[in-house]
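The values are calculated or read from the model by the stated rules, or taken from the named source; none is laboratory data. Since the model is a prediction, treat every value here as computed from it, not as a measurement. Here Cβ is always computed from backbone atoms with ideal geometry, including for glycine, and neighbour counts include all displayed protein chains. Note: accessible area is taken over every heavy atom of the protein model, side chains too, but ligands, DNA and RNA are not part of it. Shrake-Rupley method; radii C 1.70, N 1.55, O 1.52, S 1.80 Å.
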Amino acid sequence: MKRRTRKSAWAKSLERSLVALTRGAVKSGARALGQAMKPALARRAPPAGEGSWILGIATGMAGARRFRLYRPPGVAAGERLPLMVMLHGCGQDANTFARSTRMNRVALRNRFLVLYPEQDRLANAQGCWNWFDSTAGRAGGEAALIMKMIDQVCLLHSADPTRVAIAGLSAGASMAALLVTRHPARFRAVVMHSGVPPGTAHSTLSALGAMHGHRTTKPLEATPLEVESGWPPLLVIHGDADKVVALQNAHAAAQQWAEGLGARARPPRSVQRGQRHAMTVTDFRRAGRLVSRLVLVRGLAHAWSGGAAQLPFSDPLGPDASRMAWAFAAAQFRG
């Protein structure tokens, strides 16, 4: 009897030790998992600040794509707000692009909506918009999906369809310009940050050549009627230290718009604000109307100028591209 008691006590002690070891392992594993998940959770966390961060989805012939919509607080019933569409670059998504550009802060201050379409990694492994793929039709399919997102936001979320502007970075910039060339009447302004002008590539291989400045840009296909009815003006922002998308593309984009709309270049001017990178600004005008503006930022690499620190493709030392983009668009909304 005593032997069984001693064995029972030993078994209980062993059981307690095993439970303690298991709990310790579980806690250690949970901590390790939490540390490993932190970057992913941070990427998916909504941007800080007031307002609503709304998830949506659009479907079409090219499949489905998610989007995020920033809506500032206090929108009254029946109130229509301007809409800025923001297209991220490769290696980004809607959340990281919103955090990098901080466009939501500009929207909070100036009361407008911001739409962030998001590319699906199944459609492009690097998260790039397929702006170049006119041969297989992916460019047109994705452009159609983004237009459906815009229609959805105008219908359901108080966006004013007569005050829509679009901006993008890198592949997003090229897709933004493509959308405007396909639907010029739907946009009041377009902003290309570090992108390739439309009509410069038609496949993955030709897109790589275009990024390095080895392709010729086709003329802008704007009809006289579209020009006279108000083809949207273009703002081009590009860093002169960009090693991903050659600087020639910035000149080609601004010149493409200017030649297509019959505009001439005005003398360039240098601008610098505080300790930020200096920039050279060249306007192209037709009969006094601004057709395109080229902003070359000295020392800026392939990154959003004036973006949040410690994020990919984001340079806090540059002039604020988000404020420039909104000011450019707002001037067209007032015109």
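Per-atom-type breakdown for the chain gives carbon and sulfur 57% of the accessible area (1.4 Å probe, protein chains only). Taking Cα extents along the principal axes in Å straight from the coordinates, which label in (1) 88, 43, 34; (2) 108, 48, 47; (3) 53, 44, 38 is the correct one? Evaluating Cα extents along the principal axes in Å on these atoms matches (2). The GNM of the chain, with springs linking C-alpha atoms under 10 angstrom apart, assigns the highest mean-square fluctuation among ALA246, ALA136, ALA98 to ALA136.
Taking the C-alpha atoms only, the angle from helix 248-260 to the longest principal axis of the chain is near 40 degrees. Applying the Karplus relation 6.51 cos²θ - 1.76 cosθ + 1.60 with θ = phi - 60° to segment 170-185 yields 3J(HN,Hα) values of 6, 4, x, 5, 5, 5, 4, 5, 4, 4, 5, 5, 7, 9, x, 6 Hz, where x marks Gly and Pro. Amide H contacts for SER292 (H built 1.01 Å from N in the peptide plane; partners 5 or more residues away or on another chain; cut-off under 5 Å): LEU234, PHE284. The slack in the chain from MET61 to GLU221, taken as 0.36 nm per residue of separation less the alpha-carbon distance, amounts to 55.1 nm.
Which of rounded, prolate, oblate describes segment 235-305, given a ≥ b ≥ c as roots of the alpha-carbon gyration tensor eigenvalues and a/c under 1.5 marking rounded, otherwise prolate only if a/b is larger than b/c?
Here segment 235-305 falls in the oblate category.
For the chain, a Gaussian network of Cα nodes joined below 10 Å ranks THR223, THR282, THR59 by mean-square fluctuation, and the top entry is THR223.
Between amide H atoms placed 1.01 Å from N, distances below 5 Å from SER52 occur with ARG71, all of them 5 or more places distant or on a separate chain. Distance from the C-alpha centroid of segment 243-286 to that of segment 146-209: 19 Å, rounded to the whole angstrom.
Angle of helix 138-156 to the longest C-alpha principal axis of the chain, folded into 0 to 90 degrees and rounded to 10: 80°. Counting only protein heavy atoms and using a 1.4 Å probe, the accessible area of ARG273 comes to about 140 Å². With the convex hull drawn around the C-alpha atoms of segment 109-204, the volume per residue stands at 107 Å³. Ranking of HIS214, HIS193 by solvent-accessible surface, largest first: HIS214, HIS193 (1.4 Å probe, protein heavy atoms only, all chains present). Spacing of the modelled spin labels on GLU50 and ARG323, each 7 Å from Cα toward Cβ, amounts to 2.0 nm. Comparing ARG186, ARG266, ARG99 in a Gaussian network model of the chain, where Cα atoms under 10 Å apart are tied by springs, the biggest mean-square fluctuation is seen for ARG266. Helix 321-334 and the longest principal axis of the Cα set of the chain meet at an angle near 50°.
On a per residue basis, the chain carries 49 Å² of accessible surface, using protein heavy atoms and a 1.4 Å probe. With bins 5 Å wide beginning at 0, the percent of Cα pairs of segment 278-335 falling in each bin runs 4, 17, 23, 22, 15, 11, 6, 2, 0.
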